[in-house]
There are 4 protein chains.
Amino acid sequence: MKNTFGQSVAVTLFGESHGPAIGAVLDGLAPGCAVSEEAIRKQLDRRRPQGNTGTHRREPDPFQLLSGVYQGKTTGTPLAIVIPNTSQRSADYENDGAYPARPSHADFAARCKYHGFEDRHGGGHFSGRLTAALVAAGAVALDILKGKDISIATHIARCAGIDDAPLPLEDPAALAALGEMSFPVVDRLAGERMEEAILAAREDRDSVGGILETAVLGLPAGVGEPWFDTMESVLAHMLFAVPAVKGVEFGAGFALADLRGSQANDPLRVRDGKIVTTSNHSGGVNGGITNGMPVTFRCAVKPTASIFQPQDTVDLTTGEETTLHLKGRHDPAIVHRAAAVVDAVTALTVLDLLALRYGTDWMAG
Amino acid sequence: MKNTFGQSVAVTLFGESHGPAIGAVLDGLAPGCAVSEEAIRKQLDRRRPQGNTGTHRREPDPFQLLSGVYQGKTTGTPLAIVIPNTSQRSADYENDGAYPARPSHADFAARCKYHGFEDRHGGGHFSGRLTAALVAAGAVALDILKGKDISIATHIARCAGIDDAPLPLEDPAALAALGEMSFPVVDRLAGERMEEAILAAREDRDSVGGILETAVLGLPAGVGEPWFDTMESVLAHMLFAVPAVKGVEFGAGFALADLRGSQANDPLRVRDGKIVTTSNHSGGVNGGITNGMPVTFRCAVKPTASIFQPQDTVDLTTGEETTLHLKGRHDPAIVHRAAAVVDAVTALTVLDLLALRYGTDWMAG
Amino acid sequence: MKNTFGQSVAVTLFGESHGPAIGAVLDGLAPGCAVSEEAIRKQLDRRRPQGNTGTHRREPDPFQLLSGVYQGKTTGTPLAIVIPNTSQRSADYENDGAYPARPSHADFAARCKYHGFEDRHGGGHFSGRLTAALVAAGAVALDILKGKDISIATHIARCAGIDDAPLPLEDPAALAALGEMSFPVVDRLAGERMEEAILAAREDRDSVGGILETAVLGLPAGVGEPWFDTMESVLAHMLFAVPAVKGVEFGAGFALADLRGSQANDPLRVRDGKIVTTSNHSGGVNGGITNGMPVTFRCAVKPTASIFQPQDTVDLTTGEETTLHLKGRHDPAIVHRAAAVVDAVTALTVLDLLALRYGTDWMAG
Amino acid sequence: MKNTFGQSVAVTLFGESHGPAIGAVLDGLAPGCAVSEEAIRKQLDRRRPQGNTGTHRREPDPFQLLSGVYQGKTTGTPLAIVIPNTSQRSADYENDGAYPARPSHADFAARCKYHGFEDRHGGGHFSGRLTAALVAAGAVALDILKGKDISIATHIARCAGIDDAPLPLEDPAALAALGEMSFPVVDRLAGERMEEAILAAREDRDSVGGILETAVLGLPAGVGEPWFDTMESVLAHMLFAVPAVKGVEFGAGFALADLRGSQANDPLRVRDGKIVTTSNHSGGVNGGITNGMPVTFRCAVKPTASIFQPQDTVDLTTGEETTLHLKGRHDPAIVHRAAAVVDAVTALTVLDLLALRYGTDWMAG
């Protein structure tokens, strides 16, 4: 299946940037889970460009719940969310004008797949705008998980070469605060320096990337499958579908490659009658299955491909080499906006694996 | 689905390390594809521990094709491969003796999931031995891809802190040679230094990790889906199911996080009448879809968790803290053996996406 | 997955009868297929109640294509269709009043599954109204199949005990005409008698059922899988999801149980250089795979469960026995309206199996 | 996916009639479920031809559990069952001799799909012999369901035009007895007349068909999905994969087509504090979801296609018309043997839907 992901809890995504609307269908929720439009709005706001470091454009993202919610609670049948597009293509806009492919965008790959029938306005189905529908669906999943004492926190671990402080895994309030921030960092000063670096990149008509770090707390041990639906596999599947993510690592990740086993292994101890590991280089997953420690991972987010410097490219209409002079409004960084998307897909994925393990009613219990 | 992966071409894995046999069922192959038992044997040999840097144990890995092959060609119906286990548990071996969990192994997570009913001998269903069945199935896929001029090459990009030379993407013969090596490196001297480092780790009763780098050449442009079955998503799903893999990055991966857009973007040009990119930081994938450039990725392989130094742990039978003194034979490094597994799962995944795109008969054409 | 069906071409259904809207997402279409809003409207009209034998209510079924179509052609990305509901529940309508379960409706089963959180107005997610979204999606699939010379024809083989003439399989124009009729019968006089019987049932505040017979012509031989995705299995999966269908048989179906092999077997002959069978008791499928003959099947449609006679039932709010006196508008027969739904799900299913077999671009070729 | 079915509990089937072995992989079982080799053997015996009405051939069906069972209990990892074939094709047996397609067998359809690469000996992958592996896997599922007080009973409702007495739904012992019989009938005399009719057909070098009727008792209400994984849809999917099944109906099935709503509807009443229906024309399913009444269905089994009378056919090697004179041993009826297969696939399907609903540990609870 293509634009649908999940087994017990599944999300289906549709829409194009400049079509009538984008949307998502979230299926497999238990009946009786509270759905807060306010919580959806809050997550959508996190994803919206805002302040100095985003584009100037305002995307109000009004959404409508078409189904699956009755009197503020899930019915147990598919929850459909639609977000109308405010800037739609005009009917007479043609697909056959000059078409300089944007380097490191999907333009050329999409042309190879869709033979020119793709709706290319604003990126079409590939537009980052579609993540708004994912974020809306994920907001519902995040709330359900919260009700089961499972929380997800993501911060910008690194941006433009500047590191944030580590995630304060022992401080639930600080972690929860990250989920409210539109530029989620632990160290405010580091965050300010990152924002300055983003503005500097904009000055240079350039862009920057970064690394998002996520922790999932409260997950029961014993979730995931040895082959092939490991917790890492299923999370990575969804994370790599987030635009601009080009790397995913769990626990100590790539750094493990340079460690010896005696350094990398996580010793087990008993604490408060519970078996825990005293380090967490494994990122909470062994053999594909959660071990009760926080599930931690990092996503590499490449710099925004849309930059205003002239770029060598090929015109897909003529097949001839040309130079791209990009216009319009584009973020010099999307790493902070991607945080809301990573939280959303993480919530959707984790909820699916939990529903497979504990049944469909569990999440409402 | 749990131990089955793939949509048009699917593999199902079964078995435990010390049960009667392990095996795989490979379904969805076109009829009429040549199946070479020699090619399967060659890939199995690559995965086997051998020489100085592996364990001393010999695993002959004799296999049997139970179905799906007739007169040396696929029938189009499921191809089942079984590899009998030579060292089987004795019937009276009990599950209830002392059970010190091996740190950073699946022991504890498996206990949480299987409540003590898991077969723990030699790692049971979590044993790296199961990758033999994956490698055997992957060998068939590799051969089919070769017939379509699609090749996969993996080298040890880094081991114990020592770097190999880059993959010689312009030299098909050198790439093909990697697929024959049990310790696949481009720079022989680097390889020797890696092997020395592995032996040094063994001396210290320790282990080392590394990074595998893979290139898939010859893939048509236009394969993969924007959401959620991106080429990166589906590959990562399978790669994270390979034991010890804790990180996956495509193209320049995590390094992209520190680049600016002007550095990271891959310009498009026309070469020999074909649209190409002049750099490949994207790793051959944009918007989830192949762009015709080599698909490149790197996997972080953690150091072998089985080391001979005493380790703090908890006995899962008594629930009490204890010290693990591991016995038996264990590799001080598995990164080289994992190369065959990465090739196998890459071949299986790529073949599945191609069959979805071009139909089930395509691969035999 | 629950409300999604299909592997290469998949449909996702959402909505409740009295919520804001119902809809479907159709994913996996090739790019470049013509999408005719007129064709969708025509199929929706067939499903609408009309004339003497339907309810008096008018359902205009205006629909909107939210995505996946650009300049009248599929883009290759998900096609979302939304049909707003004209009669929506009022916000203050409560779920907790008297709730006499309608016998042989989903009311009681849904209560057991959704614990009272289901939206029960007008049947909610179980409403036959959701088939409108299926029919709209199916209309797109029907058109695509037509472009590949594959046609689907359904008639009311039997209604209220009255038989229609057999499907004129040799007369393509007559078959095509059935796809335009809102009461599709071969023998007009039989059709009139059926309509009279429906009106007589209405007089008696009762309802009638019937049998739909379908033929799929032009399907290539060699489509379907031996285990478990046989052509019959996948079609039956979808057909049994059509409300009121309680039986499905292929070819001679249940009548085969009383035949001897010598009567039931379909002899093979060569006609015009092509291998055919001289009878078609197998309904075009052997071993789960099409044999090139018309795929024929029949669906038993039970009488409308909503009747105006008083019925013994239980109030789901109080748990006490009560008598149901149904109000509102309800069809005394739905067999004719179900014909459009059967055509739709057949088209969706067949298209999926063809895309799996021949690849995703095939349908636009 | 092709030869794999199920979502939480999935079965994968492989093998050919005259290859080294057939087998099944059963994945998704909870850990700790008892596995009785005796119970597997008993079900395999039911499927074996025996006595007067079967073929004279003895198929001992020795099986081996390769994985997933440890000390008589499921481990929770895939359970692989292999059944070696005693009569294997010789290596030099060629595929290119005369090949008169057997009418109403898969021979011709398979040729269209597999282009001549199929292993055609004894029907290859299409052989009824593969149902032995399904029956073995189903035996494990049947036992697990029994532990949850869910039972499945199938009888030959009709054979060669002779009817059995109805299923004694109120008599658990009588139902359980059916599961032990190789010719399961309620009315012994009717059974004897059926066996006589089968022998008479053999005398005529012909074959007969019949109807199997099944009841699933003890299923909780609220299992199944409205669209598209209705209880009926998923069961029918599997039932139509059973060789020779050409029709499936639930509850009163096709007979409902001739009833009025007032006759067909099942009134609800309260009995012993539980809501029940006083009739069960719906077969225990409304809106796709179980209602707590017995789930009942009937399968039409066509007469054995292998008969000894000369038959018109086409030689697939030469493409010319010819006459088939079948040799070898073939049952004049398989309806009784199919009973064990129907029980098996019903158990597998029901267990999957229950695991989706209640989680993976439920079945061991």
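For the reader, a short list of remarks on this structure follows.
- Of the residues making up segment A:247-303, those that are outside any helix (DSSP H, G or I), of a type outside the set (Phe, Trp, Tyr) and within 30 Å of B:Asn286 (Cβ to Cβ) number 16.
- Among the residues here, C:Glu232 does not qualify as outside any helix (DSSP H, G or I), touching a residue at least 12 places away in the same chain (Cβ under 8 Å) and within 28 Å of C:Asp27 (Cα to Cα).
- Residue selection: B:Ser262 fails the criterion of being in contact with a His (Cβ under 6 Å, 6 or more places away or on another chain), facing another protein chain (nearest Cβ under 7 Å) and without any contact (Cβ under 8 Å) to a residue 60 or more places away in the chain.
- Answer from B:Gly147, B:Gly72, B:Gly76, B:Gly138 - the residue that is in contact with an Asp or Glu (Cβ under 7 Å, 6 or more places away or on another chain), more than 9 Å from every other protein chain (Cβ to nearest Cβ) and farther than 24 Å from B:Phe308 by Cβ: B:Gly138
- In segment B:282-304 there is at least one residue that is within 13 Å of B:Gly209 (Cα to Cα), at pLDDT 95 or above and of a type in the set (A, V, I, L, M).
Every residue, every condition in (1) of a type in the set (Gly, Ala, Ser); (2) at pLDDT 95 or above; (3) surrounded by fewer than 23 Cβ atoms within 10 Å (Cβ to Cβ), yes or no:
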site	(1), (2), (3)
B:Lys146	no, yes, yes
B:His155	no, yes, no
B:Pro172	no, no, yes
B:Ser182	yes, no, yes
B:Asp187	no, yes, yes
B:Ala200	yes, yes, yes
B:Arg205	no, yes, yes
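- Residue ID - farthest from the chain's Cα centre (by Cα), chosen from residues in segment C:322-352 that are part of a loop (DSSP other than H, G, I, E, B) and at pLDDT 95 or above: C:His325
- Test: residue in segment B:98-110 that is within 14 Å of another protein chain (Cβ to nearest Cβ), under 16 Å from B:Glu16 (Cα atoms) and without any contact (Cβ under 8 Å) to a residue 40 or more places away in the chain: yes
- Members of segment C:214-230 that are more than 7 Å from every other protein chain (Cβ to nearest Cβ), at negative phi and within 22 Å of the chain's Cα centre (by Cα): C:Thr214, C:Ala215, C:Val216, C:Leu217, C:Leu219, C:Val223
- Filter pass, A:Ala257 being at pLDDT 95 or above, more than 23 Å from the chain's Cα centre (by Cα), among the aliphatic types (A, V, I, L, M) and on the phi < 0 side of the Ramachandran plot: yes
- Among the candidates A:Met238, A:Met194, residue that is in a helix (DSSP H, G or I), touching a Cys at 6+ places or on another chain (Cβ under 6 Å) and either crowded, with 24+ Cβ neighbours inside 10 Å or within 14 Å of chain B (Cβ to nearest Cβ) (or both): A:Met194
- Number of the exception - D:Asp119 against (1) modelled with pLDDT of 95 or more; (2) under 28 Å from C:Thr230 (Cβ atoms): (1)
- For segment A:13-41, filtered to residues that are surrounded by fewer than 21 Cβ atoms within 10 Å (Cβ to Cβ) and acidic (Asp, Glu), the residue that is farthest from C:Leu13 (Cα to Cα) is A:Glu38.
- Residues that are assigned to a strand (DSSP E or B) and charged (D, E, K, R) within segment A:304-321 comprise A:Asp312, A:Asp315, A:Glu321, listed in sequence order.
- Residues satisfying the stated conditions in segment C:295-316, i.e. closer than 17 Å to D:Thr277 by Cα and either more than 7 Å from chain D (Cβ to nearest Cβ) or among the hydroxyl-bearing types (Ser, Thr, Tyr) (or both): C:Ser306, C:Pro310, C:Thr313, C:Asp315, C:Leu316
- Looking only at segment B:253-268, and only at residues there that are of a type in the set (Gly, Ala, Ser) and either surrounded by 24 or more Cβ atoms within 10 Å (Cβ to Cβ) or in contact with a Phe, Trp or Tyr (Cβ under 9 Å, 6 or more places away or on another chain) (or both), the one that is nearest to A:Val301 (Cα to Cα): B:Ala257
- Condition met for A:Ser67 (small (Gly, Ala, Ser) and modelled with pLDDT under 95): no
- First in segment A:241-258 and over 27 Å from B:Ala333 (Cα atoms) and more than 7 Å from chain B (Cβ to nearest Cβ), second anywhere and among the charged types (D, E, K, R) and buried (at least 24 other Cβ atoms within 10 Å of the Cβ), Cβ under 7 Å, 6 or more apart: A:Ala244/A:Lys302
- Filter result for the condition that a residue is surrounded by 23 or more Cβ atoms within 10 Å (Cβ to Cβ), out of contact with any strand residue (DSSP E or B) (no Cβ under 6 Å at 6 or more places or on another chain), at pLDDT 95 or above and among the aliphatic types (A, V, I, L, M), over A:Ala101, A:Ala80, A:Ala110: A:Ala110
- When D:Arg205 is tested against (1) in contact with a strand residue (DSSP E or B) (Cβ under 8 Å, 6 or more places away or on another chain); (2) more than 7 Å from chain C (Cβ to nearest Cβ); (3) in a loop (DSSP other than H, G, I, E, B), just one condition goes unmet, and that condition is (1).
- Residue, nearest to A:Ala109 (Cα to Cα), within segment A:325-340, restricted to residues that are surrounded by fewer than 24 Cβ atoms within 10 Å (Cβ to Cβ) and in contact with a Ser or Thr (Cβ under 7 Å, 6 or more places away or on another chain): A:Leu326
- Checked against (1) in contact with a helix residue (DSSP H, G or I) (Cβ under 6 Å, 6 or more places away or on another chain); (2) more than 8 Å from chain B (Cβ to nearest Cβ); (3) over 29 Å from B:Val234 (Cα atoms); (4) not small (Gly, Ala, Ser), A:Asp272 passes all but condition (1).
The values are calculated or read from the model by the stated rules, or taken from the named source; none is laboratory data. Being a predicted model, the structure only gives us computed values, none of them experimental. All Cβ positions, glycine included, derive from the backbone under ideal geometry; neighbour counts span all protein chains shown.
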